[in-house]
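The values are calculated or read from the model by the stated rules, or taken from the named source; none is laboratory data. As the structure is a prediction and not an experimental result, all values here were calculated from the model. Note: accessible area is taken over every heavy atom of the protein model, side chains too, but ligands, DNA and RNA are not part of it. Shrake-Rupley method; radii C 1.70, N 1.55, O 1.52, S 1.80 Å.
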Amino acid sequence: MDIANIIGYIASVAMVLGYMPQALHTMRTRNTDGIAMSTFLLMGLGSLGFAIQGMLINNWPLIITNVLTTTSSVIISTIKVYNDYFKKK
């Protein structure tokens with residue numbers, strides 16, 4: 001395994017561990033007051049783009065990381081939309 005792959009796997013773990021606490025907290029509490037919708041939409045779009053890039057170049061750390069972070073962004077954004085537009089009315 002070369003240094004580029006090792007760095008890729010380390011970055012993958014860091015990205016997933018960075019997203020998961022927010023996603024789990026949001027799912028558990030349903031509190032999205034402090035979350036900027038535009039941030040999670042753009043981060044989700046970026047993660048989706050990197051997942052597609054990973055598929056095109058067959059880079060598994062890139063694919064796995066960004067599928068997980070895209071999923072987290074979708075979950076958080078969905079809860080945020082529900083809270084902002086349906087629950088508060």
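Note on residue 82: accessible area approximately 120 square angstrom, rounded to 10, probe 1.4 Å, nucleic acids and ligands left out. Share of the chain's accessible area from carbon and sulfur, percent, 1.4 Å? Using a 1.4 Å probe with all protein chains present, the chain comes out at 71 percent carbon and sulfur. Dividing the summed -39500 (n - 2.57) terms of all DSSP H runs of n ≥ 4 by the residue count of the chain sets its mean residue ellipticity at 222 nm at -27500 deg cm²/dmol. Rolling a 1.4 Å probe across all protein chains gives residue 64 an accessible area of roughly 90 Å².
Rounded to whole numbers, the Karplus 3J(HN,Hα) couplings from phi for segment 49-63 are x, 5, 5, 5, 4, x, 5, 5, 9, 6, 10, 5, x, 5, 5 Hz, using 6.51 cos²θ - 1.76 cosθ + 1.60 with θ = phi - 60°, and x at Gly and Pro.
Only one item in [x] 15.5, 45; [y] 15.6, 51; [z] 14.7, 54 matches Rg and Dmax of the Cα atoms in Å derived from the coordinates shown, and that item is [z]. Calculate, in nm to one decimal, what residue 9 and residue 64 gain on full extension: separation in residues at 0.36 nm each, minus their alpha carbon distance. Roughly 18.8 nm would be gained on extension.
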